[in-house]
Amino acid sequence: MVERLVPDELWVLFQRVVPEAPSRPQGGGRRRHGDREVLAAIVFVATSSCTWQQLPTASFGPSGATAHRRFTEWSKARVWAKLHRLVLDELGARGELDWSRCAIDSVNMRALKGDLTGPNPVDRGKFGSKIHLITERTGLPLSVGISGANLHDSQALEPLVRGIPPIRSRRGRRRRRPGKLHADKGYDYAHLRRWLRGRGIKHRIARRGIESSQRLGRHRWTIERTMAWLAGCRRLHRRYERKAEHFLAFTSIACTLICYRRLTK
């Protein structure tokens, strides 16, 4: 089970970003569970949506409390964002990232409680959260963020574009700006177009009242497919985490798994 959820290639990458285990100056204490077993338990919780208490200890070794404690420590250390960026670097070094055009969009889900939640205007005002995402041409996630469900999509464009990390390329310097950005009518604002032009990014934003919304478009369908890939991480079907950093951590884990599948092909 551990080797299936955390293959050797992913484990090698994870070892480069995981912080060292804290030492006990007084010595003694119980033996610390291995990071690979705990990582496999966290991936199992993310993909199966089981609770931490329901984690099958016989299959992994660490208990649900131990896995949750380590998950909290690694989330504070931003391990998941670092791992996502490391996988993107490996893809970029192999020439697997297409920067010619990117797409931006968001998806809503209900949230029971916690930070960064708000009344969802498209779900009868029920509280929820929103995942904002930028993908490259083939649908690999480059930048991800979360917010309350009542935040307008247009307010997330600038933070997401700034959040694209400098990623390795097969030749030349690291890159963090796409050639063109595709977006739907929720981003149809003049100041966003000016801001993108100022950063040297061409924009292709659907115009309200002019273009039909009956079809998805020739290039924006890839991000809709990526949203469906995110649904493979069943922990994201509904938000159960109180803390926003934990919900963002599960989102980063889902993005990392999507990119890692491309890396292994």
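The values are calculated or read from the model by the stated rules, or taken from the named source; none is laboratory data. Being a predicted model, the structure only gives us computed values, none of them experimental. Please note: Cβ atoms are built from the backbone with ideal geometry, for glycine as well, and neighbour counts cover all protein chains shown. For the accessible areas, the whole protein counts, side chains as well, though only heavy atoms, and no ligand, DNA or RNA atoms are used. Shrake-Rupley method; radii C 1.70, N 1.55, O 1.52, S 1.80 Å.
Scanning the stretch 77-93 turns up at least one residue that is open to solvent by 20 Å² or more (accessible area, probe 1.4 Å), closer than 17 Å to CYS255 by Cβ and of a type in the set (Gly, Ala, Ser). Residues GLY145, GLY139: which one is in contact with a strand residue (DSSP E or B) (Cβ under 9 Å, 6 or more places away or on another chain), assigned to a loop (DSSP other than H, G, I, E, B) and open to solvent by less than 20 Å² (accessible area, probe 1.4 Å)? Only one candidate passes the filter, namely GLY139. Across the stretch 1-52, which residue is nearest to THR66 (Cα to Cα) among those that are open to solvent by 40 Å² or more (accessible area, probe 1.4 Å) and polar (S, T, N, Q)? My answer is THR51. Among the residues of the stretch 230-244, the ones that are outside any loop (DSSP other than H, G, I, E, B) and either small (Gly, Ala, Ser) or at pLDDT 95 or above (or both) come to 1 in all. Identify, please: which residue in the stretch 161-178 is within 22 Å of ILE146 (Cβ to Cβ) and of a type in the set (D, E, K, R) and is, among those, modelled with the highest pLDDT? Top of the filtered list is ARG162.
Within the stretch 39-134, which helices (runs of 4 or more DSSP H) (wholly inside it) include 3 or more residues that are within 21 Å of GLU20 (Cβ to Cβ)? Break it down into steps so the answer makes sense when it comes.
Working: elements: 57-60, 64-76, 79-93.
In the stretch 39-134, the matching helices (runs of 4 or more DSSP H) lie at 64-76, 79-93.
When every residue of the stretch 209-226 is checked against the conditions, at least one turns out to be modelled with pLDDT of 90 or more and under 30 Å from ARG70 (Cα atoms). Filtering the stretch 161-173 to residues that are touching a residue at least 40 places away in the same chain (Cβ under 8 Å) and either open to solvent by 10 Å² or more (accessible area, probe 1.4 Å) or assigned to a loop (DSSP other than H, G, I, E, B) (or both) leaves PRO165, ARG168, SER169, ARG170.
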